[in-house]
Each structure stands twice: as structure tokens, then as C-alpha cells.
Amino acid sequence: MANRASSLTLVALGGAALGLLAGCSANTSDDAPVVHAIELGEQFRGEITSSSELNGKDGSRYARHTLSLDADSLVEFELSGALNGSLALYDDETQLLAASIADAYGQPGNALRRRIDETGDYLVVVSGVDASSFGPYDLNSREIELSDSSSELTVSQPLDGWLQDGPSTYPLTIEETGLYRIEMHSDDFDTYLELSGGPNRVRLEDDDGAGNLDSRISGFLEPGDYTVTARSAFGDGSGLYQLSVEPQQLPHDGELRNGGEVTVGETFNGWLSGQRREYSLVVDEAALVTIDMRSQDFDSYLELSGPGVSTSNDDGGSGLDSQIRQRLQPGNYTIVARSFSSSASGLFELSVVSREIGDLPSGGELTLNESLEAWLEPGAQDYYAFEITQAGRYRLDMMSSDLDTYLELEGNGIFESNDDGGNGLDSRIQAYLEPGEYRAIARSYGNTSSGTYTLRLIAE
């Protein structure tokens, strides 16, 4: 790497030539470009004007700043002020090292970070984002000190890291058998975690298991040596991240059930490690069965199959938890518990409860001023006939805690429909009806849900 007195030839942003920098001092010629010498940690105030250097590609103007940087230092440059601008960092061989990146809304980025590979002279370019961008600016710089940048990952000792030019790997030693959670968080990029090694040759990976593009691996680990790989999801990200390994407590009874027979009324814990878990369920009499799968470690996914039934659910419960609510006939059924991504790992809770539904109707006749409790099959439409003998205003309600209801009313030359006219997701139709024959149609919004509901027709 050349020293501070070496010449710096700069290639412009986007490929246009910015010019030639000879040495680090400002050129004494009146029309020669000015290169500002700055120091790391000090604020520099400048201004982009119509006389600043011109980028021939897009017509924007720019200013150059040179400074010395030490190897292995993590530096940050931040731009503020009236200028609508951007930043770029070059080495003394005109190679672009880093640039500020526009945010998700297309606004220009005002900061860049970079770990310096070699001691030497570097060039920071402040540029307007287009040909009409002018104004004063403040250029601030600093060295970022990581709280713990050790090369080894230790249980219960979080560390800060910097990702640049590829993945970072850390050795991890597990001394006690147990359940562990490894997490990687970053505000700069989409994280990705990998865990390998140990006596059982574990290989686990995760992208977004911790939410918000952060990663989480939960594993039941035996004592041994492991390798944790921290990288970006698509291999091109860079930035700060936090990495941690924490032991997790097992359920209060210490028992994990990863298969076998499930009894209605049970709630138990299981462990997922990339593969799915299968459980058998025996239903002795027709019932409304609710199966819940909950996890704080991953996005759960449930499947249920058996006599006349093949269904699945992702987020039917709370948050990312899964729930299947199904009317089941007597028989043998299979429950599959897995993660939505099919590769996540962690603890989960599975519960199975039932409710006797007897001979709940799915259609028939509707009686004025009487409530009727019924059952809706997935994708079904239930039809109810009723007769109006006296003209007047009437209200038809469909209420359910299981599904988003949808009502239709037809007959005697009228057709009415409603989705959420009642409370919450309940449906309500209010209409003036002449004497005659009518039909109410009860279904779910989207024709996909199932569950119990109440139908009621009253005179107002």
C-alpha cells in the first residue's frame, strides 16, 4: 500500500473519471481540483457548489477528502447538512471499497462503514445525488470500537462482530448437555446462521427464525466442539451484528415427546430439529377437535389427515402459532408438527382439545326469533329456508368465534349480502321483507374456514 505521499488516481462513481490526485495537498493552480486533508475523528465542513468537480456521467458535483487509516480499524463516515448527497470510500489504487446505500424508500444513504485491510491513504468522496444537488455539508468520521470482537464464541457471553467480504466463523465449545439458543441480530443486513460439529455431527441453519430478518438456531447439544458461521442471507451483505449463545430451560417436567399417540385433552412439549414430528390421534366419537402448536423458537406449521380429512394450517393461532379446528368423525388420524420453513429447530407445545357437537345442523329451516347453532364444513355453504308472514323490518345475524362469517339473503325479488356488518367479523343483514318464502345462505368469507356459528332471525 502506498504511503501518504503517493499519487492517488480516482475513478469516478459509476465509471466516469474524477481526475488525478497528486499527493495529498491542495493544488495551487486556481482551476485545479481541491483535495481536503482530514483526520479521523474530526468534523470537516464543506460545500458542494457549481464550481465543485463535475461527474461527467450524471452532472453531479463532488468533493474529495484524503486521510490516513490503520489496518484492522473499523471506520464510519457520516454525512449531514443541507446537501442531498452520498458517500464513497476508495483506496490509493482507485478501487471502490464502500458506498452509502439508499434506504428502502429510495432516499440517499448518509453513512458508510468499512473495516480497513491495510494501513495507508484513503479517499472519501462526497457527491450530490444529482445535477441539482448543492449545499453545505458536515463530514464526520470515527473509529467504531466493538464491545467484544473475540474470535471465539462463548456461552452466555454475547459478542459484536463486523461482516465484510464473506462469512465469519467462530469455534464454540459446549461443556454441558442441554438446550441452547444461538441468535444473530443486525440492523444492517439480512442475517443467516449455521451450526455444525459436535459428537453427533449436528448441522442446523436458519434465516429469519428470530424475526425481523434476524436468525435463531435452537439445538439440543452434547458436550463437544462446534462451529458457528455468521453470514448474510444472500452473501452480499455487510455491517455490524450481535451474536449470542444462551442455555435454555427444559419444560417444567423435563419431558419431550417427539412422537407417539396423543390423547384428547393433553398438552405436552416436543422438540423440532429440522425434521417433522408425527403423532397419532384416536377419535372415539364425532367431535369438534382443536389442535394448537405454539413455539417461541420458530414459525409453526400443522397438518392433519385421516378419514375424509386432509388439512393444514400455518398462522391460525396467535402470532406465528398454528391451529387446526376440525369436525372429526370416529377414526384414526395423524398429526404432523413441523416448522413453516421445514428447517427450523426449537421447542414447541402441542395441545389437543375436543368439544362434543352432537348433531349440529349444516342447513335446514330457520325459525323467527330463535337462535340456531350450526356447523360449517370447510368451503361449504349452508342453506336455511324461512317464511315471512307479516311485512316489516327484520334482522339476520351470523355470529362465530371460529371464522369470518359471510351472509346472503335471497327470495321474493331481493338479494342482500354482508361480511362484517355485525360485531367484529360477524355478519348482519337488515331489510324490509314482504310476506313470502326466503333463503339465508351462511358461509365463511373466502369459503375456506370451518367451525361453529350461530344464526338468528328477529323482527325489529
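Just so it is clear, none of the values below were taken in a lab; they were calculated from the coordinates. Keep in mind that what you see is a predicted model, and the values were worked out from it rather than measured.
Miscellaneous remarks
- Remark: relative contact order (the chain) = 10 percent; criterion is Cα-Cα distance under 8 angstrom and separation of 6 or more residues.
- Computed over the chain, the P(r) tail beyond 39 angstrom holds 51 percent of alpha carbon pairs.
- Computed 3J(HN,Hα) for the stretch 46-62, one whole-Hz value per residue from the Karplus formula 6.51 cos²θ - 1.76 cosθ + 1.60 where θ = phi - 60°, is x, 8, 8, 10, 5, 9, 5, 4, 9, 8, x, 7, 10, x, 6, 10, 8, glycine and proline marked x.
- Contact order relative to length of the stretch 260-355, as percent, for alpha carbon pairs under 8 angstrom and 6 or more apart: 45 percent
- Spherically averaged projected area in nm², based on the convex hull that wraps the Cα atoms of the stretch 322-362: 4.4 nm²
- Cα-only radius of gyration and Dmax that characterise the stretch 364-459, units Å: 12.3, 36
- Note that the stretch 159-248, at 25 °C in a medium of 0.890 mPa s, gets a Stokes-Einstein diffusion coefficient of 190 µm²/s from its Kirkwood radius over C-alpha pairs.
- Each residue of the stretch 223-238 was assigned a 3J(HN,Hα) from its phi angle through the Karplus curve 6.51 cos²θ - 1.76 cosθ + 1.60 (θ = phi - 60°); the sequence is x, x, 9, 10, 10, 9, 10, 10, 8, 8, 4, 10, x, 10, x, 8 Hz, with glycine and proline shown as x.
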